[in-house]
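The values are calculated or read from the model by the stated rules, or taken from the named source; none is laboratory data. This is a predicted model, so every value here is computed, not measured. Reconstructed Cβ throughout: ideal geometry from the backbone, glycine too, with neighbour counts over all protein chains shown. The protein model used for the area step is the full one, side chains on, heavy atoms only, and it has no ligands, DNA or RNA in it. Shrake-Rupley method; radii C 1.70, N 1.55, O 1.52, S 1.80 Å.
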Amino acid sequence: MNEEQLRNELQNKEKEIQRLKKLLDESAKLLTVPENDLQKQKEKSETLSKEDISRYSRQLILHDFGVKGQIAVKNTNVLIVGAGGLGCPAAIYLAAAGIGRLGVIDYDEVELSNLHRQILHTVDRVGLSKSVSVVHSCCRLNPSTEYVPYHLQLDSSNALRIIESYDIILDATDNVATRYLLNDACVLAGKPLVSGSALRFEGQLTVYHHDGGPCYRCLYPQPPPSEAVTNCSEGGVLGVVPGIIGSLQALEAIKIATGIGTSFSQKLLMFDALDGTFRTVKLRPRCKSCLVCGENPTISQLIDYEQFCGAKATDKDHKLHILERSQRISAKEYSEMVNNKKPHVLVDVRPAIELDICQLPHPMINIPFTSLSRNITEVKDQLLLKLKELSSDDFHNYTVPVVCVCRRGNDSQLAVQQLMKILADDKVKVIDIKGGLHSWSKHVDSNFPIY
Amino acid sequence: MPNLASFITNNSMLGGGAELLCGNVKKHNITLPKQDEKWLIKDLLIWIQKNIIKERPELFLQGNTVRPGILVLINDADWELMGELDYELEDNDRIIFISTLHGG
């Protein structure tokens with residue numbers, strides 16, 4: 001780095017320090033209730049203040065809701081688990097409706113890639129705890145609600161203690177392990193669970209353990225195989241889809257709090273954003289043999305849910321380590337290959353839709369990993385043709401390597417394994433770029449986009 | 001000529017990611033070949049596995065039933081309410097396979 005670059009770098013870091021200091025101040029400024037105080041029963045309100053009456057006037061005049069409904073909302077404590085795409089809209093509508101106490105749990109911090117759907121966070125809060133950020137936004141809309149941010153990972157050791165202080169729990173999480181944990185905790189603590197989920201262009205909503213209906217385990221006694229589970233960072237999600245489901249979760253919580261209407265107990269709402277359809281289907285009743293809510297339950301305390309599901313209780317991506325060191329090159333080593341014009345066949349194994357986002361500065365063949373096993377013959381022909389073009393001698397001796405790349409360096413390893421099988425008879429060297437495009441952006445070209 | 005004198009038609013639909021196993025096609029109008037006994041859902045599962053599932057069949061069936069995390073709906077009701085694997089298919093039944101979502 002030359003002097004000017006260093007000076008710029010320093011200036012950027014100083015700006016970042018200023019921003020972080022401001023964040024720290026903001027989190028400290030937020031008035032939060034110490035957890036011990038939560039255990040104390042709050043005194044129930046029996047009347048509305050003059051301010052309450054003006055603020056909630058448009059729902060106070062609703063037939064079936066009225067002052068009675070508003071007081072019920074005011075005396076209800078709701079816990080939202082997950083301050084993300086579902087948790088944000090749920091939180092803001094519950095705050096606006098005048099819920100008594102709103103607890104918000106999230107272990108994570110705000111990232112730029114959250115903002116398209118997690119609409120209560122802001123650009124200047126990147127790096128701040130999500131639970132604090134949600135509380136901050138809700139507080140500006142309605143300061144009369146009591147807010148409790150929990151910057152922690154909900155687990156078997158703390159779930160029952162936290163849930164205890166709330167009347168209705170919203171599952172706005174993003175992983176299977178936490179869904180089973182929350183279900184069991186709600187059954188053991190006797191709380192209704194309003195469960196939402198969203199992915200790609202679809203959403204689902206159900207109320208568990210309420211009104212004699214089934215729990216999550218009645219429907220899904222066994223967790224799905226981890227390879228069948230897709231999260232938002234892998235599968236993608238259109239921001240407004242969790243927005244709709246999260247809003248419905250707030251609505252269900254208000255209906256349960258006030259006892260109006262019917263709930264989604266023993267019903268599943270399926271929302272298809274592309275077809276524009278909402279379909280409600282009838283689910284099985286509570287299962288007598290359910291391990292947690294059945295007649296002879298065997299789960300009487302919380303278990304290890306990560307072990308039960310064979311998956312982590314986060315939606316963070318894990319790093320695969322399948323290949324030997326000799327089968328991998330770093331992004332830096334690959335950039336030297338490109339700079340030195342070392343011939344090779346670059347295979348980008350990402351889905352075709354992602355190629356428009358960014359590509360390495362070298363001609364490539366796109367073979368999406370998911371279609372690799374379907375088109376073995378075509379893949380083989382395509383690669384051998386390209387290898388023949390680039391290899392120096394005329395014999396059946398391919399001297400150039402095949403280099404696989406993907407977004408983060410997981411699929412590329414699996415692709416190397418598959419391609420080595422496909423090309424086993426042809427003595428081709430197949431390697432991958434460690435850490436994929438993320439690593440390229442980090443170590444080679446800082447202007448290269450990360451997604 | 002195959003024995004196709006009469007048909008049972010179904011609207012079979014896959015959602016929540018289950019459609020990804022069938023080349024990303026969500027709706028299938030299926031005509032099942034005639035057989036002496038009535039078609040049961042368990043026969044349909046095997047037929048779908050053979051004729052419609054394009055990749056990773058183990059993510060659709062495990063043993064003789066759907067893998068954990070897939071909910072089967074018969075005419076908008078949980079198949080458990082309808083006899084599950086032994087449900088006898090009727091003309092124009094709508095069968096939905098929905099994979100539970102976990103994102104949030």
Rounded to one decimal in nm, the spacing of the 7 Å Cα→Cβ label points at A:MET420 and A:GLN5 is 3.6
A:ASN366 to A:LYS44: extension gain in nm, 0.36 nm per residue of separation minus the Cα-Cα distance?
-> 109.6 nm
What residues have an amide H closer than 5 Å to that of B:GLY104, excluding those fewer than 5 places away on the same chain, when H is modeled at 1.01 Å from N in the peptide plane?
-> A:ALA198, A:CYS232
What is the helix-to-structure angle for A:376-390, meaning the angle in degrees between its Cα long axis and the longest Cα principal axis of chain A, kept from 0 to 90 and rounded to the nearest 10?
-> 50
One would report the Cα pair-distance distribution of region A:172-238, bin width 10 Å, in %, as 19, 52, 25, 4
Work out the length of the dipole vector of region B:52-104 about its Cα centre, built from +1 on the beta-carbon of each Lys and Arg and -1 on the beta-carbon of each Asp and Glu, and round it to the nearest 20 debye.
-> 440
Beyond 28 Å (Cα-Cα) in this structure, taken from A:LYS288/B:LYS38; A:LYS68/A:LYS191; A:LYS21/A:LYS44; A:LYS388/A:LYS434; A:LYS22/A:LYS50; A:LYS191/A:LYS288, we find A:LYS288/B:LYS38; A:LYS21/A:LYS44; A:LYS22/A:LYS50
Quick one: buried accessible area between B and A, total over both chains, 1.4 angstrom probe, nearest 100 Å²?
-> 2900
Write down the accessible area per residue of the protein assembly as shown in Å², having rolled a 1.4 Å probe over the full set of protein chains.
-> 49
Would you calculate the separation in nanometres between label points at A:LEU141 and A:ARG374, each defined as 7 Å from the Cα along the Cα-to-beta-carbon direction?
-> 4.2
For region A:321-326, Karplus couplings with θ = phi - 60° (6.51, -1.76, 1.60), whole Hz, Gly/Pro x = 10, 10, 8, 6, 4, 6
On alpha-carbon atoms, Rg over Rh for region A:362-450 using Kirkwood Rh?
-> 1.00
Just how much of A:GLU389 is accessible, in Å², when a 1.4 Å probe is used and the result is rounded to the nearest 10?
-> 130
Everything considered on the Cα gyration tensor (a ≥ b ≥ c; rounded for a/c under 1.5, else prolate if a/b is larger than b/c, else oblate), region A:66-131 must be described as prolate
Alpha carbon Rg of the protein assembly as shown, scaled by the compact-globule rule 2.2 N^0.38 Å = 1.11
Computed from the beta carbon distance with a Förster radius of 41 Å, FRET efficiency for A:LEU115 and A:VAL67 to the nearest 0.05 stands at 0.60
Calculate for the protein assembly as shown the 222 nm mean residue ellipticity that helices alone would give, adding -39,500 (n - 2.57) per DSSP H run of length 4 or more and normalising by residue count, nearest 500 deg cm²/dmol.
-> -9500 deg cm²/dmol
0 to 90° range, to nearest 10: angle between helix A:240-258 axis and chain A longest Cα axis = 20
Given a 1.4 Å probe and every protein chain left where it sits, what share in percent of the accessible area of chain A is carbon and sulfur?
-> 53
Taking the Cα centre of region A:52-135 as origin and charging only Cβ (+1 Lys, Arg; -1 Asp, Glu), how large is the dipole, in debye to the nearest 20?
-> 360
Short version: ³J(HN,Hα) in whole Hz for each residue of region A:137-142, in order, from phi by Karplus 6.51 cos²θ - 1.76 cosθ + 1.60 (θ = phi - 60°), x for Gly and Pro, what are they?
-> 5, 5, 4, 6, 7, 8
Residue by residue, what Karplus-based ³J(HN,Hα) values in Hz, rounded to whole numbers, does region A:420-433 have, using 6.51, -1.76 and 1.60 with θ = phi - 60° and x for Gly and Pro?
-> 5, 5, 4, 9, 4, 7, 9, 6, 9, 7, 10, 9, 10, 8
Give the calculated FRET efficiency between A:GLU51 and A:PHE448 to the nearest 0.05, with a Förster radius of 60 Å applied to their Cβ-Cβ distance.
-> 0.70
Protein chains only, probe 1.4 Å: how do A:GLU295, A:GLU43 rank by accessible area, largest first?
-> A:GLU43, A:GLU295
Would you calculate the volume per residue, in Å³, of the smallest convex hull containing every Cα atom of region A:253-354?
-> 269
Long-range amide H partners of A:VAL104 with built H, under 5 Å | A:ILE80, A:VAL148, A:TYR150
